[in-house]
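Asker: Below you will find the structure I want to go over with you.
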Amino acid sequence: MRKLIAQLIFYNLNRWQIRNEGAHASESAEDYEKTRDRFQATIKALYQMTAESDETSSIYRQPLEDILVMTNELLSNWLHSHKAWTSHRASQVHTAQHDQDHFTHETER
C-alpha cells in the first residue's frame, strides 16, 4: 500500500510539473515577443529621428537591420547605451552653453 501511494504521489507531481513547464514556457515566450516588439519599435523610432537630424554618432553606425535581429538582451543593452550617450551629449551641450554664458558675461564687464 505504501508503494502504491508513493507511486501515485510521484505520478501526480510529475504531471503537475510537466503541465507547469508548458504553461509557463508559453507565457514567457509571449512576454519575450511583447518585449521584443517594444524594443524594436523604440529602436526604429530612434533611427528614424536620427535619419531626420543627420546624427553621426557611433551608436548609429551599425545598420538598423543588424540591430533588429539581436536578442532581447542585446536590444536592451543597445537602448541603455543610447540612453547613456544621450545623457552624455546633453551634459556636454549644457556645459558648453554654461561656458559660453560665462564668457559672454565676463566680456561684458
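The values are calculated or read from the model by the stated rules, or taken from the named source; none is laboratory data. Keep in mind that what you see is a predicted model, and the values were worked out from it rather than measured. Cβ sites come from the backbone with ideal geometry, for glycine too, and all protein chains shown count toward neighbours.
Asker: Return yes or no: is Arg19 at pLDDT 90 or above and part of a helix (DSSP H, G or I)?
Answerer: So Arg19 does not fit the description; no.
Asker: Among the residues of the stretch 46-80, what is the count of those that are of a type in the set (D, E, K, R), modelled with pLDDT of 85 or more and surrounded by 10 or more Cβ atoms within 10 Å (Cβ to Cβ)?
Answerer: 0
Asker: Then there is this: Output the qualifying pairs, or none if there are none: Cβ atoms under 9 angstrom, residues six or more apart or on different chains, first residue in the stretch 2-28 and small (Gly, Ala, Ser), second residue assigned to a helix (DSSP H, G or I).
Answerer: Pairs that qualify, where the first residue is small (Gly, Ala, Ser) and the partner is assigned to a helix (DSSP H, G or I): there are none.
Asker: Assess whether Ser28 counts as being modelled with pLDDT of 85 or more and small (Gly, Ala, Ser).
Answerer: no
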